[in-house]
Amino acid sequence: MKKVIFGINASADGFFGHSDMNADEALHEYFMQMLQNSSEILYGRITYELMVPFWPEIAKNESMSQVSNDFAKVFTAMEKILFSNSISKVSDPNTTLATRPLKEEVTYLKKQPGKDICIGSLSLASQLSNYGLIDEYRIVIHPVIVGKGPRLFFNHSLENTIRLELVSTKTFPSGNIALHYRTLRNH
């Protein structure tokens with residue numbers, strides 16, 4: 001069965017916004033490898049609109065470094081599933097609007113053949129955590145204090161504690177630290 005993986009950047013004080021983070025070559029390489037092991041990535045509207053059309057434009061114009069351009073190509077080619085109540089049409093050829101409720105869609109996708117499923121949205125990750133559908137959390141902590149921004153479970157409270165097992169850590173030259181956790185399931 002496919003795994004559901006939530007990968008995200010966070011400040012040292014626990015905020016998950018995109019401003020003031022250090023998105024260097026090593027970080028793009030790290031997330032590119034995660035995407036290469038995935039069949040699709042699921043988004044809510046807010047994060048989706050940050051990523052598309054930004055990365056498809058980078059892939060088209062090859063206007064950044066080689067690693068960033070490669071990340072853009074991998075991202076652009078991936079199947080993206082968008083969960084939104086306010087968007088009724090998308091122009092990106094690799095984006096599909098979800099037609100099933102989140103829990104039903106992810107349960108269905110997990111049973112399909114293929115690579116893992118990535119979650120690219122705080123709201124979706126919060127909801128899927130409550131449903132017990134996230135298998136791995138990959139959180140990259142940036143050495144910055146931002147004092148503001150979105151948080152995990154900001155709009156969706158966590159109903160039950162989720163126990164995690166540390167799989168690995170990776171320290172980047174920038175000082176970023178990737179924490180890779182596996183969800184412990186009660187049997």
What shape does region 120-170 take by its C-alpha gyration tensor, where a ≥ b ≥ c are the square roots of the eigenvalues and a/c under 1.5 counts as rounded, a/b above b/c as prolate, and the rest as oblate? oblate
Of the candidates 117, 18, 58, the farthest towards the positive dipole end of the chain (Lys/Arg Cβ +1, Asp/Glu Cβ -1, centred on the Cα centre) is 117
Quick one: length gained pulling residue 166 to residue 29 fully straight, 0.36 nm per residue minus the C-alpha distance? 47.2 nm
Applying the gyration tensor rule to the Cα atoms of region 54-118 (axes a ≥ b ≥ c; rounded if a/c under 1.5, else prolate if a/b exceeds b/c, else oblate), the class is oblate
Lys pairs, the chain - Cα-Cα below 21 angstrom, 8 or more residues apart or on other chains: 21
Report ³J(HN,Hα) in whole Hz for each residue of region 4-17, in order, from the Karplus equation J = 6.51 cos²θ - 1.76 cosθ + 1.60 where θ = phi - 60°; Gly and Pro get x. 9, 10, 9, x, 7, 9, 9, 7, 4, 9, x, 9, 10, x
Could you tell me which of rounded, prolate or oblate describes the chain, using a ≥ b ≥ c as the square roots of the eigenvalues of the alpha-carbon gyration tensor, with rounded for a/c under 1.5 and, failing that, prolate when a/b is larger than b/c and oblate otherwise? rounded
Tell me which chymotrypsin sites (Phe, Trp or Tyr not before Pro) from region 132-187 have a DSSP coil assignment and no more than 13 other beta carbons within 10 Å of their own. 154
Roughly what would the spin-label model give for residue 39 and residue 65, points 7 Å off Cα along C-beta, in nm? 3.3
Go ahead and run the numbers for FRET between residue 156 and residue 54, Cβ-Cβ distance against an R0 of 35 Å, rounding to 0.05. 0.85
Hz values of 3J(HN,Hα) by residue in region 41-53 - Karplus curve (6.51, -1.76, 1.60), Gly and Pro given as x: 10, 9, 10, x, 4, 4, 5, 4, 5, 6, 8, 10, x
C-alpha center-to-center spacing [region 147-187, region 1-61] in angstrom: 15
Calculate what fraction, in whole %, of the accessible area of region 96-138 sits on carbon and sulfur atoms when a 1.4 Å probe is rolled over the protein chains. 50
Net charge of neighbours whose Cβ lies under 11 Å from the Cβ of residue 149, counting Lys and Arg as +1 and Asp and Glu as -1: 0
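The values are calculated or read from the model by the stated rules, or taken from the named source; none is laboratory data. Source: prediction; values computed, not measured. Virtual Cβ from ideal backbone geometry, glycine too; neighbours counted across all protein chains shown. To get the accessible areas, we keep the full protein, side chains included, count just its heavy atoms, and leave off ligands, DNA and RNA. Shrake-Rupley method; radii C 1.70, N 1.55, O 1.52, S 1.80 Å.
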